[in-house]
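The values are calculated or read from the model by the stated rules, or taken from the named source; none is laboratory data. Here the structure is a predicted model, which is why all the values come from computation and not from measurement. Using ideal geometry, Cβ is built from the backbone for each residue, glycine included, and neighbour counts are taken over all protein chains shown. To get the accessible areas, we keep the full protein, side chains included, count just its heavy atoms, and leave off ligands, DNA and RNA. Shrake-Rupley method; radii C 1.70, N 1.55, O 1.52, S 1.80 Å.
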Amino acid sequence: MAEQTESTQYVIAPEAQKSLAVTDTDRRFPVGRIFCVGRNYADHAIEMGHDPDREEPFFFMKPTSSLVTDGRFPYPSMTSDVHHEVEMVVAIGKGGRDIAVADAFDHVYGYGVGLDMTRRDLQAVAKKQGRPWETAKAFDASAPCSPLVATRAIGHPIKGAVTLAVDGDIRQQGNLDQMIWKTPEIISYLSGLFELLPGDLIMTGTPAGVAAVSRGQRMEATIEGIGSLTVEVI
């Protein structure tokens with residue numbers, strides 16, 4: 001493959017690099033792939049009609065076009081049932097393949113608060129028909145995310161309250177220590193499926209209480225020790 005340089009000429013203009021702000025610095029974190037862990041809290045697995053026992057983790061992906069950083073979530077088309085799912089976001093700073101659990105934290109740059117917005121009606125149809133979830137999970141603006149906090153400032157959170165309120169009413173409540181697969185295990189397992197790259201994000205699952213939102217509502221997500229995220233549904 002020919003090397004691409006700053007002088008490379010493209011037949012169409014490439015999209016600008018997606019990135020997240022980092023607390024306490026004016027430098028930004030460039031975002032590559034966005035991986036999401038499914039059913040990683042037992043109460044949410046039960047809520048969605050699944051066995052909460054520790055099964056092998058499974059993943060789906062969102063494109064960078066799903067990233068929202070301005071606090072505004074445009075209500076998507078072709079749905080009437082969009083749900084919020086608050087999740088801890090892990091930002092990979094050092095890549096690797098087949099990463100050992102004991103070494104996994106060394107690959108983390110920082111953490112954030114994210115929302116895995118889901119067209120639940122489309123997901124239900126896809127599940128029933130045995131089809132992929134992309135139309136339900138990977139649509140534009142489906143991944144609002146807070147600025148990142150670097151590990152040098154907070155270490156590696158293994159417990160802390162996870163909450164989401166809509167217009168002041170708390171809907172989701174949980175704790176990071178309720179994750180079925182912990183952060184190092186997620187990183188290790190995922191690195192056996194993909195070579196992780198600097199800039200990858202991992203959304204680590206959501207506690208119970210997922211529910212629909214409507215235009216004009218405000219979502220407020222908080223993870224103790226990491227930060228908060230406020231998003232308006234427009």
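Overview of results
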quantity: Accessible-area value, Glu195, 1.4 Å probe, nucleic acids and ligands omitted, Å²; calculated: 90 Å²
quantity: Scaled radius of gyration (Cα, divided by 2.2 N^0.38 Å) that the range 167-234 gives; calculated: 1.38
quantity: Eligible aspartates and glutamates near Lys128 by straight Cα distance, threshold 18 Å, same-chain separation 8 or greater; calculated: Glu47, Asp51, Asp81
quantity: Scattering curve values for the range 62-173, log₁₀ I(q)/I(0), Debye with Cα scatterers, q = 0.18 Å⁻¹; calculated: -1.04
quantity: Gained length - Thr230 relative to Arg27, 0.36 nm times residue gap less alpha-carbon distance; calculated: 70.9 nm
quantity: Translational diffusion of the range 120-234, µm² s⁻¹ [Kirkwood Rh, Cα pairs; Stokes-Einstein; 10 °C; 1.306 mPa s]; calculated: 97 µm²/s
quantity: Cβ crowding within 10 Å averaged over residues, with 225-231, 59-65 ranked highest first; calculated: 225-231, 59-65
quantity: Lysines whose Cα lies under 16 Å from that of Lys127, excluding same-chain neighbours fewer than 8 positions away; calculated: Lys137
quantity: Over the chain: helical MRE at 222 nm, DSSP H runs n ≥ 4 each giving -39500 (n - 2.57), nearest 500; calculated: -3500 deg cm²/dmol
quantity: 5 angstrom amide H check on Tyr75, placed H, neighbours 5+ away; calculated: Ile234
quantity: FRET efficiency estimate (nearest 0.05) - Cβ-Cβ, Glu185 to Arg72, R0 30 angstrom; calculated: 0.30
quantity: Expected-Rg normalisation [2.2 N^0.38 Å, Cα atoms] applied to the chain; calculated: 1.00
quantity: Reachable lysines, given that their alpha-carbon falls under 25 Å from the alpha-carbon of Lys159 and they are not under 8 places away in the same chain; calculated: Lys94, Lys182
quantity: Positive-end residue of Ser7, Pro76, Cys36, charge dipole of the chain with Cβ unit charges; calculated: Pro76
quantity: ³J(HN,Hα) computed for each position of the range 125-140 - Karplus, 6.51 cos²θ - 1.76 cosθ + 1.60, integer Hz, glycine/proline x; calculated: 5, 4, 4, 4, 8, x, 9, x, 9, 3, 5, 8, 10, 9, 7, 4
quantity: Potential extension, Lys159-Glu134 segment - 0.36 nm per residue separation minus Cα distance; calculated: 6.0 nm
quantity: Charge dipole of the chain about the Cα centre (unit charges at C-beta), most positive-ward option of Ala102, Gly192, Ser65; calculated: Ser65
quantity: Other-chain or far-sequence residues with amide H under 5 Å of Leu20's (modelled H); calculated: Phe29, Val31
quantity: Accessible surface of the chain, 1.4 Å probe, proportion on carbon and sulfur as whole %; calculated: 51 percent
quantity: Residues whose placed amide H lies under 5 Å from that of Asn40, excluding near-sequence neighbours; calculated: Thr206
quantity: Förster radius 30 Å - calculated FRET efficiency between Ala16 and Asp43, Cβ distance, rounded to 0.05; calculated: 0.15
quantity: 19 Å reach of a label modelled at Ala212, 7 Å along Cα-to-Cβ, counting backbone N of the range 87-131; calculated: 116-128
quantity: Residues of the chain: accessible area per residue with a 1.4 Å probe, Å²; calculated: 50 Å²
